[in-house]
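What follows is a single structure, written as structure tokens, with notes after it.
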Amino acid sequence: MKCPYCGHLDNRVIDSRLNKDKTITRRRRACASCQQRFTTYERIEMMMPMLVKKDGRREPWDRGKIIVGLEKACEKLPVSMADIDAFVDDIERRLQEVGGKEIPTTRVGQWVMEALPDLDEVAYVRFASVYRQFKDVNEFMDELKHFLGERNNS
């Protein structure tokens, strides 16, 4: 592991811990050259299906893209990065459970839209406004009415 401070390759592990789901290992390391400490995270890399975009293009799953979208939707809301990471972990778990080599992005988007109200309702509305690409305010209002109707019936 290369030291982020001096670039030296020799370091030692000071402490290792698993996250609560036992899916990620956090390691505290100390560089043998500059003595700086840094943290690394290990995650098992799973073979994820290719995502098929609406226009037919295919691209690999990118965890970072969905995190950026959720961070924007959750900006200035009481949603922690740990909550966002757990949310994306659940999406990845669903991708793995589906199996297969390809999955439409619309299905992934639907999973996000279904689960996001439980994370934060305002984040849901923000995400929906981008994801659904409303053509006018009336379409947006229809989505809000539908959302509020579902929440009130639950």
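Please give, to one decimal in nm, the separation of the simple spin-label points placed at Arg107 and Thr23, each 7 Å out from Cα toward the Cβ.
Result: 1.8 nm between the two label points.
I'd like to compare 121-132, 136-147: which one has the highest average count of other Cβ atoms within 10 Å, and what's the full order after that?
Going from most to least packed, we get 121-132, 136-147.
Distance from the Cα centre of segment 13-34 to that of segment 80-154, in angstrom?
Between the Cα centre of segment 13-34 and that of segment 80-154, the gap is 33 Å.
Evaluate the distance, in nm, between pseudo-label points positioned 7 Å from the Cα of Asp142 and of Ala30 along their respective Cα→Cβ axes.
Once both label points are built, they end up 6.4 nm from each other.
Specify the angular offset, from 0 to 90 degrees and rounded to the nearest 10, of the alpha carbon long axis of helix 137-153 from the longest principal axis of the alpha carbons in the chain.
Around 80 degrees separate the two axes.
Find out how many positive minus negative residues lie around Arg37, taking Lys and Arg as positive, Asp and Glu as negative, among other residues whose Cβ is under 9 Å from that of Arg37.
Computed value for this residue: +2.
Take the Cα atoms of segment 1-83, build their convex hull, and give its volume per residue in Å³.
That works out to 166 Å³ per residue.
Under a Cβ-Cβ cut-off of 13 Å, what is the net charge of the residues other than Glu102 that fall near it, where Lys and Arg count +1 and Asp and Glu count -1?
Residues near Glu102 contribute +4 overall.
Stokes-Einstein at 37 °C, 0.692 mPa s, Kirkwood radius from Cα pairs: D for the chain in µm² s⁻¹?
179 µm²/s
Karplus couplings for segment 13-25 from phi (6.51 cos²θ - 1.76 cosθ + 1.60, θ = phi - 60°), rounded to Hz, Gly and Pro as x?
Coupling constants for segment 13-25: 7, 8, 8, 10, 9, 8, 6, 5, 8, 6, 10, 10, 9 Hz.
With the convex hull built on the Cα atoms of segment 44-86, state its orientation-averaged projected area in nm².
4.0 nm²
Quick check: the angle from helix 105-119's long axis to the longest principal axis of the chain, C-alpha only, nearest 10 degrees?
With rounding to tens, the tilt is 90 degrees.
List the cysteines in the chain whose Cβ has no other cysteine Cβ under 4.7 Å from it.
Unpaired cysteines in the chain: Cys74.
I need the peptides 105-115, 48-58 ranked by packing, meaning the mean over residues of other C-beta atoms within 10 angstrom, with the highest value on top.
The packing order, highest mean first, is 105-115, 48-58.
Read-outs throughout are calculated quantities, based only on the coordinates presented, and are distinct from any laboratory measurement. Bear in mind the structure is a predicted one, so any value in this text is a computation, not a measurement. Quick reminder, even Gly has a Cβ in these numbers, built from the backbone with ideal geometry, and neighbours come from all protein chains shown.
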